[in-house]
Protein chains: 2
Amino acid sequence: MNLKRRYLAALLVFSMILGGVATYTAVQFIQTGTGQAQTQSNQEESNKQASTDGEAQSGDESIGDVLDGLKENNDGELSKIDKAYSLIQEKYVKDTESKELIEGAIQGMLDTLEDPYSTYMDKETMEQFNNSISSSFEGIGTEVSMVDGRVTIVSPFKGSPAEEAGLKPKDQIVSVDGESIEGMDLYDAVLKIRGEKGTTVSLEIDRPGVEENLTIDVKRDTIPIETVYSETKEVNGKKAGVLEVTSFSENTAADFNKKLKELESKNIDGLVIDVRGNPGGLFTAAQDILENFIPKGTPYVQIENSDGEKKRYVSNLEEKKGYPIVVLMDEGSASASEILAGAMKEAGDYELVGTNSFGKGTVQQALPMGDGSNLKLTIYKWLTPDGNWIHEEGIKPTVKVELPEFYYTNPVQIDKTLEYDMNNDKIANVQKMLEGLGYDPGRKDGYFSKETQAAVKQFQKENDLKVTGTINEDTGNKLQSSVVTKVQNKENDTQMQKALDVLFSK
Amino acid sequence: MNLKRRYLAALLVFSMILGGVATYTAVQFIQTGTGQAQTQSNQEESNKQASTDGEAQSGDESIGDVLDGLKENNDGELSKIDKAYSLIQEKYVKDTESKELIEGAIQGMLDTLEDPYSTYMDKETMEQFNNSISSSFEGIGTEVSMVDGRVTIVSPFKGSPAEEAGLKPKDQIVSVDGESIEGMDLYDAVLKIRGEKGTTVSLEIDRPGVEENLTIDVKRDTIPIETVYSETKEVNGKKAGVLEVTSFSENTAADFNKKLKELESKNIDGLVIDVRGNPGGLFTAAQDILENFIPKGTPYVQIENSDGEKKRYVSNLEEKKGYPIVVLMDEGSASASEILAGAMKEAGDYELVGTNSFGKGTVQQALPMGDGSNLKLTIYKWLTPDGNWIHEEGIKPTVKVELPEFYYTNPVQIDKTLEYDMNNDKIANVQKMLEGLGYDPGRKDGYFSKETQAAVKQFQKENDLKVTGTINEDTGNKLQSSVVTKVQNKENDTQMQKALDVLFSK
C-alpha cells in the first residue's frame, strides 16, 4: 500500500463528498416474478446497468405504484405536518423558506430512523453522489499535498491538463484565480482548483529555484479516477501481487479484473488485496470482484429486506485460484470493502490481516423524488455468507496487526514554543512522533518531561537544528516532515509486511 | 445568595425539565385593534391570565384562521413530504411508526430555523413545560443533596409531607419503593421520589446514630415552589435587602412584590436583586417586577415581530425608589433575567454586578396543535430599552466580578489513586480545589508535580488523614466536602460581597 497515494487520492476523489465515508454501497434491486434478484447501478439519468447474474430492468415505476397506493391513507395522518408548516410560516420571528422547511421535514423523518446512511439528497448532493460512484471527476488532474503549510503538487497525472500545462512536482500553489490560498486547508483549496470541464483556472506558482512566481493557466477536463493500483513484491524469492482498491466505483471491477490478469500473467505466487481506508461504493463492484475468488455453491453475500426475506448471491466460478490470497483491511474499510472481506473469510477461507473493519452492514438505494432530489434510503441489510450481520461491529481480522502509533499523529502547528514542564495535547502528539522516529520521549501523555527534553535535543542534533530542547516552528516542521518521510517508506508499513508474511507462511 | 439553596432548588424545581435552561420566556401576545399588546400565560387548558396593563383575551382562534388561510397553498408544496413519507414507510429496511415520522417531520422543519428555542412538544413534554412555569410540583417537599455518594435530606420544607412523615436533615435515602438508589445520580433519584399527588412513596432511610435502617412512607402532595428568597444583610451599619429570584414562574412576581414590601417595612437602605443562575420563565413575571423600579415614560422592554414592528412596554410608576439597587447576575442568568437586568441598567440606570449574562433575546409561544401537542415557537425578539438585541451576546455587567475558580470544580471520583508524575483532568480538578482551599498546588493543568504533592500532604495533615501525598478515595471525599463547605459559606461569595460594596459606595 502506498499510504501517501491513498491519502492524496482520497482528497482528490472524495473532496466533493467529504464526511460521507462508507455510505456509498448503493444499488437498486428489482424483485422479479421469479424471485430472482437483478441489480442496477443507481444513476437516475443514465440507468446504466451493472447486473450480476440476471437481466437488469428499470425500477422506477415501482416507486410510482407505491406512491399511488399510499397517498390516500396519508392525508389524515399528515395533516399535522401541514398545520405545523402553516404555523411556522405565519408565526416564526423570521421569514422562512418553503423549500427549506419541506426539505427539513423530509430530513426530520429520516432522522427518526436513527440511520446515518438514510439521507435526503437535493439536486446538488445527488450530483456529488453520482460523482462519488463514477470513475472520473472534472478538474486539472494532479495529486496535491500540504507541505509546510502550502498546497504543493506531488505529481500531475499522466496526460492530464496539469501535466500538459507544465505543472511540476514540488510546485507550490500560492493563489487560484487571483485569490490567495494561504492559510486555506487542503480540502478547500482542492475545491477551488477543481471545476467544470472546459473552464480555465489560473494558478500562481512558487517553483523552487525560480525567483519570481509563475502564472500557469490550466484548462480543466474530465479526469479519470484510478481506484485500483497494482504492484508486485519479492518476498524470499516468491512474487506477490498487490492490488490496492481505494473505492468501489463504476470502473473498479473491470480495472481490478484487468490488473489481476496482468499480475497472473507475471506468474505471481500469491495475492494481497488491500482495502485499507476503502469506504465502499457500488455493491455490484464488490460482487464482480468476488466472482474471481469464491467458487460456485457457496453464497458470497446475502441481502435481507424489511420482511426478513433473504436472497443469496452465488458465483459461477468453477474453482478457487491456485495461489494463496490475503485481504488487508483496517478500521477505514467499510461497506463494500467489508462485503469483500467477509466473503473472502467465510466463503473463501482466506486470511484477513490488519485491524477490525468499520462496521457498515446496510445497502442504500437512491430513490428519485421527481424533481432531481433523491432519498438515499437503507433498503437492505447485507449478511456475510454465514449469515452474520456485522453492522456497527465490523469484521475481525484473522491476523490482527496495527500500524505504529506515529501513523496516527496530527500535523504539528507551533503557535508558542513548547518547552520543559509544559503540559498539553500538542506535546503528546510530538511525543508520539519522537517515539515513531526512534527517540525515547519518556512519556506520551503531553507532559514535557526531562526525558522528552533529552529526546528533542537528540533529534535537533541529528537534524542540524539548533539544540535547544524546546520545540519551535523549525523543529516542529522538521519533526513533521521526518514523520511524513517515514510514513511514505513502505518498509514501515507493518500491516503490509505481515500480510506478505501470512501469504507465504503456509 | 445561598448557593446551596439555588443548586438544590434547581434540582427540585427543574428536575422535570432538565436541559431546558433559558427556554421558558413564553407568553401569548394578541395584537388588538388599537395596537395595544395584551398578554396571557400560555397554558392551554387553564388559560390563566397574567396580563400586565391591558385585558387578556384568548388567542386560539387566530391560529385557526391562519391554518384555513394557508391550507390551500400548502397542498402542492407539501406533496413532496407525502412522497418521502410513503417511500420510507414502504422501502425502509425496518418497520417505521407513522407517529414518529410525523413528529420527526415537524422537528425537522423546526431544525431548519436553527433556533434551539423552537421545539415540538408532545403531550408529555407539554405537561413538563407547564410544570416548569407553574409555581408548584407534586412530590414530598424536601431539599436533597448528594453527600459522599448518597442522596441526603438537607431539610424538609415547612408543613410538607416530608416533614410530617418525620424525615430529618442528614437522613440518607437508601432505597425508593424497595429499589436501591445506590449509584444513581441525584436527578434520577429525585425523579423516583417525586410522583403524583395522593400516591405514597416508601423510603428506606439510613439515619445517623440509628443502627437499623428505617422505612418511612410519605404521601405525596402538591408542593409550592419558592422562587423568591428574601434576607437582610448589615454592611457597615447599613441594612441591605436581598431578593434572590431563582426563576420567573406564575407566583414569582406576587411573591417578589410581597417580600419587597416586607423589606421596605424594615427600612432597608438598599436592595440587591440576585438573578444568578436564573434561566428565565414567564415574560409577564419580569414585567410585573420591573413595574416596581422603572418609572413611566421610559420603555423597560420592547418586542419586535417578524415584520420588524416594535411594541414598547412602559410602566405606570410615578418615581424611582429612594434607595440604591444593584442587580447581581452571571452567565446562567437568561431570558427574563436578562429583560430585568437590561431594563434596570438602561432604563433605571442601576448597576449590574457579576459576569456577562447568558444571551437569550427571544420570546416563545406554545401553539396548540389540537391533539395535546404544541409547537413552542419563537415569535418575537425582545430588545432592551435602548433597542439592543442581546441574543447570543448577553448583557455586560457594569461591575465585573467572577466567583473563585473552585466554585466551578467537579465532584471528585477516584477510581485509581492519583499520585506524583501522573497527568490527567482529574488532577487538574483537584488542583483547583486545593487552591480554593488555600493550598498551593503549584499548577492547575493536571500534571501532579512535587508542589501538588506537598499541597496534598499539607491538606491531609490538617484534616487528620494519612499523610501520603497521593489522592485516594478518602482524600478525594474530604477534598470534595471541604469545597462544598466553603461554597456554602456566604463569606466566600465574592460576587455578593461586591454587589453590597457597590450598593453603598455612592
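Express the carbon and sulfur contribution to the solvent-accessible surface of region A:416-490 as a percent, rounded to the nearest whole number, probe 1.4 angstrom.
44
How do B:M422, A:M109 stack up against each other in accessible area, from largest to smallest, with a 1.4 angstrom probe?
B:M422, A:M109
Would you tell me the mean number of C-beta atoms belonging to other protein chains that fall within 10 Å of each C-beta in A:440-452, as a whole number?
Averaged over the peptide's residues, the number is 2.
Report, for B:D386, each distance to the same residue's label point in the other copies, shortest first and in nm; define the point 7 Å along Cα→Cβ.
Spacings between copies for this position, smallest first, are 7.3 nm.
Along the Cα→Cβ direction, 7 angstrom out, place labels at A:H391 and B:D386. What is the inter-label distance in nm?
With each label placed 7 Å out from Cα toward Cβ, I get 5.7 nm.
Near the amide H of B:V235, under 5 Å away, which other amide H atoms are found, from residues 5 or more places off or on another chain, if H is placed in the peptide plane?
B:A240
Around A:L317, which amide H atoms from residues at least 5 apart in sequence, or from another chain, sit under 5 Å from its own amide H, with H modelled in the peptide plane?
A:K296
Can you pull the one-decimal nm distance between simple spin-label points at A:E196 and A:Y408, each 7 Å off the Cα toward Cβ?
4.4
Any idea what the dipole of region B:403-463 comes to, in debye rounded to 20, about its Cα centre with Lys/Arg Cβ at +1 and Asp/Glu Cβ at -1?
So the dipole magnitude of region B:403-463 works out to roughly 80 debye.
Under the rule of at least 5 residues apart or a separate chain, name every residue whose amide H is placed under 5 Å from the amide H of B:L271.
Excluding prolines and chain starts, which carry no amide H, the hits are B:G241, B:I325, B:V326.
Which percent of the Cα-Cα distances in region A:446-506 go past 20 Å?
Result: 46 percent of Cα pairs exceed 20 Å.
What nm value, rounded to one decimal, do you get for the distance between A:K261 and A:E419 when each label is placed 7 Å out toward the C-beta?
For the pair A:K261/A:E419, the computed spacing is 6.6 nm.
How big is the gap, in Å, between the Cα center of region B:345-368 and the Cα center of region B:228-263?
Between the Cα centres of region B:345-368 and region B:228-263 lies a distance of 19 Å.
In region B:405-429, which residues become less accessible by 20 Å² or more once every protein chain is in place, relative to the chain on its own, using a 1.4 Å probe?
Listed by number, the residues meeting the 20 Å² cut-off are B:D421, B:N423.
Distances from B:E473 to the same residue in each other copy, label points 7 Å out along Cα→Cβ, in nm, shortest first?
Copy-to-copy label distances at B:E473, shortest first: 5.2 nm.
Determine the residues within region B:92-112 where the difference in accessible area between the chain on its own and the full set of protein chains amounts to at least 50 Å²; count protein heavy atoms only and use a 1.4 Å probe.
At a threshold of 50 Å² (probe 1.4 Å), the residues of region B:92-112 that become less exposed are B:Y92, B:V93, B:I102, B:M109, B:T112.
Please compare each pair in A:K426/A:K486; B:K432/B:K490; B:K170/B:K426 to a cut-off of 22 Å on the Cα-Cα distance and tell me which ones are over it.
B:K170/B:K426
So how much accessible area does B:K396 have, in Å² to the nearest 10, using a 1.4 Å probe?
Rounded to the nearest 10, that gives 140 Å².
Can you tell me the FRET efficiency between A:R150 and A:N316 if r is taken as the Cβ-Cβ distance and R0 is 60 Å, rounded to the nearest 0.05?
About 0.70, to the nearest 0.05.
Determine, for each peptide in B:404-416, A:234-246, A:357-369, the mean count of other beta carbons within 10 angstrom over its residues, then list the peptides with the highest first.
Answer by packing, highest mean first, reads A:357-369, A:234-246, B:404-416.
Please identify every one of the GluC sites (Glu not before Pro) in region B:106-181 that sits in a loop by DSSP and has no more than 12 other beta carbons within 10 Å of its own beta carbon.
B:E114
What shape does region B:143-201 take by its C-alpha gyration tensor, where a ≥ b ≥ c are the square roots of the eigenvalues and a/c under 1.5 counts as rounded, a/b above b/c as prolate, and the rest as oblate?
Note, shape of region B:143-201 comes out oblate.
For B:303-316, what's the mean count of beta carbons from other chains sitting within 10 Å of each residue's beta carbon?
Partner-chain Cβ atoms within 10 Å, mean over residues of B:303-316: 1.
What is region B:343-393 by shape, rounded, prolate or oblate, if you read a ≥ b ≥ c off the alpha carbon gyration tensor as root eigenvalues and call it rounded for a/c under 1.5, prolate for a/b larger than b/c, and oblate otherwise?
prolate
Just going by the charge dipole of region B:416-490, with Lys and Arg at +1 and Asp and Glu at -1 on Cβ, which of B:Y420, B:L465, B:Y447 is farthest out on the positive end?
B:L465
Given a 1.4 Å probe and heavy atoms of the protein chains only, how would you sort B:F448, B:F157, largest accessible area at the top?
Putting B:F448, B:F157 in descending order of accessible area: B:F157, B:F448.
Assuming a ≥ b ≥ c are the square roots of the Cα gyration tensor eigenvalues, decide whether region A:217-364 counts as rounded (a/c under 1.5), prolate (otherwise, with a/b larger than b/c) or oblate.
Oblate, since a/c reaches 1.5 and b/c is not below a/b.
Give me the dipole magnitude in Debye, nearest 20, for region A:209-261 about the Cα centre, with unit charges on the beta carbon: positive for Lys and Arg, negative for Asp and Glu.
Charge dipole, region A:209-261, about its Cα centre: 540 debye, nearest 20.
Compute, for region B:146-226, the length of the dipole vector about the Cα centre, with Cβ point charges of +1 (Lys, Arg) and -1 (Asp, Glu) only. Units Debye, rounded to 20.
Using only the charged Cβ atoms, the result is roughly 320 debye.
Could you go through region B:220-237 in sequence order and give the Karplus-derived ³J(HN,Hα) for each residue, using 6.51 cos²θ - 1.76 cosθ + 1.60 with θ = phi - 60°, rounded to whole Hz, and x for Gly and Pro?
6, 8, 7, 10, x, 9, 7, 10, 10, 10, 10, 7, 10, 9, 8, 10, 6, x
The values are calculated or read from the model by the stated rules, or taken from the named source; none is laboratory data. Just so you know, these numbers come straight off a predicted model, no measurement behind them. For neighbour counting, all protein chains shown are included, and Cβ atoms are generated from backbone atoms with ideal geometry for every residue, glycine included. Side chains are part of the model used for accessible areas, which takes the heavy atoms of the whole protein and leaves out ligands, DNA and RNA. Shrake-Rupley method; radii C 1.70, N 1.55, O 1.52, S 1.80 Å.
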